[in-house]
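The structure appears below as structure tokens.
The values are calculated or read from the model by the stated rules, or taken from the named source; none is laboratory data. All figures in this text were calculated on a predicted structure; none of them were measured in a lab. A quick note on method: Cβ atoms are made from the backbone with ideal geometry, for glycine too, and the neighbour counts reach across all protein chains shown.
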Amino acid sequence: MYKIIAVDLDGTLLNSYGMVTDETKKTIKNAIEKGTDVIIASGRPIDSIKTIANEINSKNFFIAGNGALIYDIKKDEIIYEKFLDKKKILEIIDVCENNSISYNIYIPEMILAKKLEYNVLYYHKENLKKDEENKTKITIVENMKEYVKNSQNEKYLKVTICDENKIIFNSIIRKLKNISDIEVLEVSHMSRKTIKQGTEETKIEYFYTEISLKNVNKWTAIEYLLNKLNLKKEEVIAIGDNINDKEMIENAGLGVAMGQSTPNIIEIADYVTEDNENDGVKKAIEKYMGKGDVP
């Protein structure tokens with residue numbers, strides 16, 4: 001029997017409107033009641049994940065920052081961390097500023113951004129539908145370099161780089177790879193999200209990459225949990241759609257790719273489910289764990 005289901009959020013558990021469907025929630029509830037722990041493994045910061053963990057009734061752990069930390073929900077504390085330090089963040093800022101490219105910095109509790117655009121705009125619009133205590137915290141910073149220099153914070157989850165122009169984006173990726181001891185994700189396709197306001201829908205499309213400390217990924221965080229809980233990797237289902245899910249899909253007992261996943265994720269998956277607009281997570285769980293009888 002599978003004891004853990006590690007599930008990505010954006011493009012996986014969440015549809016393009018940033019929602020978990022009621023049908024998927026029922027299936028997750030059934031899996032939890034059967035004794036399988038459903039753990040969110042996301043690139044988002046803590047508070048952004050907490051809301052969704054509560055929504056799906058996940059009560060034990062979640063992984064944030066693409067594996068940079070593990071959060072113990074019951075104890076309300078970080079139990080594992082692999083952060084970028086301030087010096088490394090300042091190097092990344094220099095590359096971004098010198099090339100006039102959009103970036104934002106994730107710390108455990110919030111996202112630091114120079115303006116509301118790309119992924120941060122999506123989170124901002126998502127926040128408009130949430131109560132204050134459930135919002136993803138976003139801080140707009142005019143002079144990012146000075147802000148980081150003067151900050152007491154020494155713990156940085158990741159940096160996200162975004163641009164609509166693939167040529168410019170690829171040029172920045174090459175420059176970032178010259179910085180030592182960081183991991184630059186090789187994301188090859190555009191992120192596509194939909195913002196819904198009333199009857200109007202706005203599409204957001206952009207190329208992006210995520211930068212973390214070297215050798216930080218979702219699977220290394222899952223391995224830590226497996227050791228802590230005395231479980232085997234064969235007892236894990238991992239579900240994701242993008243390159244930041246690669247290691248967990250490769251190493252889990254069952255690696256599941258969403259139907260719209262980037263091609264290299266589909267290639268390594270044990271099973272390809274439907275896309276995130278058609279309850280792909282629900283259908284994968286039901287296939288391998290049964291439908292159950294949760295009302």
Identify, please: which residue in the stretch 172-206 is part of a loop (DSSP other than H, G, I, E, B) and small (Gly, Ala, Ser) and is, among those, modelled with the lowest pLDDT? Ser188
Quick test of your reading of the structure: Glu164 fulfils all but one of (1) surrounded by 14 or more Cβ atoms within 10 Å (Cβ to Cβ); (2) in contact with a helix residue (DSSP H, G or I) (Cβ under 8 Å, 6 or more places away or on another chain). Name the failing condition by number. (2)
From Glu23, Glu77, Glu97, residue being acidic (Asp, Glu) and within 20 Å of the chain's Cα centre (by Cα): Glu77
Checking Phe83 against (1) under 16 Å from the mean Cα position of the chain (by Cα); (2) more than 24 Å from Asp181 (Cα to Cα): exactly one of these is not met. Which one? (2)
Residues of the stretch 248-276 being of a type in the set (Ser, Thr, Tyr) and modelled with pLDDT of 95 or more, which ones? Tyr271, Thr273
Look at the stretch 32-54 and say how many of its residues are buried (at least 22 other Cβ atoms within 10 Å of the Cβ) and among the hydroxyl-bearing types (Ser, Thr, Tyr). 2
Per the filter on the stretch 55-70, residues without any contact (Cβ under 8 Å) to a residue 40 or more places away in the chain and either surrounded by fewer than 24 Cβ atoms within 10 Å (Cβ to Cβ) or farther than 16 Å from Asn134 by Cβ (or both) are Glu55, Asn57, Ser58, Lys59, Asn60
Kindly establish whether Asp85 is surrounded by fewer than 18 Cβ atoms within 10 Å (Cβ to Cβ) and either touching a Pro at 6+ places or on another chain (Cβ under 7 Å) or farther than 25 Å from Ser191 by Cα (or both). yes
Just to verify a result, which residue in the stretch 3-25, among those that are out of contact with any Lys or Arg (no Cβ under 8 Å at 6 or more places or on another chain) and part of a helix (DSSP H, G or I), is farthest from Trp219 (Cα to Cα)? Asp22
Sort through Ala238, Ala284, Ala257, Ala269 and tell me the only one that's surrounded by 15 or more Cβ atoms within 10 Å (Cβ to Cβ), out of contact with any helix residue (DSSP H, G or I) (no Cβ under 6 Å at 6 or more places or on another chain) and either farther than 30 Å from Glu91 by Cβ or without any contact (Cβ under 8 Å) to a residue 12 or more places away in the chain (or both). Ala284
Could we say that Ala31 is part of a helix (DSSP H, G or I), among the hydrophobic types (A, V, I, L, M, F, W, C) and over 19 Å from the mean Cα position of the chain (by Cα) here? yes
